[in-house]
Amino acid sequence: MKQSNTLPFVVVPCLLILLSIIAYCSILNRWNFERSAYLIFVFTTIYILLFERIIPLKQTWRAKKQDLGIDFKHLLFSAILFDALGKAMALSLVLYLQPFLSITEHLWDGLPFLFTFVIANLIGEFLPYWYHRVSHVGNADSWLSSFLWKIHAIHHLPKLLNWFKTSWIHPINILLNTFLKMFPLLILGFSQEIIFLVGVLHVVVAYLSHANIQTKTGFLDYLIVTPQIHHFHHSKDLEEAQNFGNILPFWDLIFGTYYNRKGAVEEVGVVESDLEYPQQESYLPQLTFPFKEKDR
């Protein structure tokens, strides 16, 4: 019992510290950043899945065998393929525009490394924050607003949260998220080391924030998107469904969309409406859902 009471306080800080050490060693020893990123992803996955077994937040949110098929389809086709495509598109556009721009990585020369890393994260989160927030408007009178919500709604279909549900994202959603995050960082000339660290933090926090783990994060709720505050984003109670930052809550705090309270979210998923949402086990209907012309 004593161990169980302690673990929620240390599970998140320990993960962040361990991965910071791996990332620091990668830069210091000039390891291949791509391989280091995969190592960090695998370590994060094992860590989260382990603690989802040891200190689950909700027993009903445990991963179920019958859901693994659809979970892996989202992981393989959405989270991996289109994330890479978004990065490639951002890089291609930057390479095309570079001859017309004078901004280089020298813009950040002389600034402390940690400060530059923080600034890069804040810049990288700005456009995805607004894209995420606008996607939740879901104005039925606007085709664009309705389309953006239908794209994003796939991420909110699950009625439970755990490591696997992180990847429940429509390919267009993740492509836009990745492009809007990476393009400003590349065009502003941040170094490879900074972009590597921003990408690592993104992967770690994205999977951690959906984890079915008991956490007591305190002040960390104001520094990164913890499970505590992101679970509320998935709430069926629309007053709680705020927190549009993916990795940092900074822009939520600035623009008044930050939400937190004691206790855990009660129920997650989409709220019943005139939209005929696809079934959770049906992958192809989820892909075509945004292009569906008529709803009941």
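The values are calculated or read from the model by the stated rules, or taken from the named source; none is laboratory data. As the structure is a computational prediction, the values presented were derived from the model and not from experiment. No Cβ is skipped: glycine too gets one built from the backbone with ideal geometry, and neighbour counts run over all protein chains shown. What goes into the accessible areas is simple: the full protein's heavy atoms, side chains included, and nothing from ligands, DNA or RNA. Shrake-Rupley method; radii C 1.70, N 1.55, O 1.52, S 1.80 Å.
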> Could you count how many residues in the stretch 17-36 are aliphatic (A, V, I, L, M) and either open to solvent by 40 Å² or more (accessible area, probe 1.4 Å) or on the phi > 0 side of the Ramachandran plot (or both)?
Replying inline: 5
> Of the numbered conditions (1) under 14 Å from the mean Cα position of the chain (by Cα); (2) more than 30 Å from residue 96 (Cα to Cα), residue 266 satisfies every one except a single condition; which is it?
Replying inline: (1)
> Hey, among 169, 154, which residue is of a type in the set (A, V, I, L, M, F, W, C) and not in a helix (DSSP H, G or I)?
Replying inline: 169
> Based on what the data block shows, is residue 229 at pLDDT 95 or above, outside any helix (DSSP H, G or I), hydrophobic (A, V, I, L, M, F, W, C) and surrounded by 19 or more Cβ atoms within 10 Å (Cβ to Cβ)?
Replying inline: no
> Can you tell me which residues in the stretch 58-99 are surrounded by fewer than 14 Cβ atoms within 10 Å (Cβ to Cβ), among the small types (Gly, Ala, Ser) and within 13 Å of residue 165 (Cα to Cα)?
Replying inline: 69
> Could you list, in sequence order, the residues of the stretch 14-61 that are part of a helix (DSSP H, G or I) and touching a Ser or Thr at 6+ places or on another chain (Cβ under 8 Å)?
Replying inline: 15, 19, 22, 23, 26, 33, 36
> For the stretch 261-296, how many residues meet the condition of being polar (S, T, N, Q), within 27 Å of residue 180 (Cα to Cα) and open to solvent by 50 Å² or more (accessible area, probe 1.4 Å)?
Replying inline: 1
> Within the stretch 236-254, can you find the residues that are open to solvent by less than 10 Å² (accessible area, probe 1.4 Å) and in contact (Cβ under 8 Å) with a residue 24 or more places away in the chain?
Replying inline: 245, 247, 249, 252
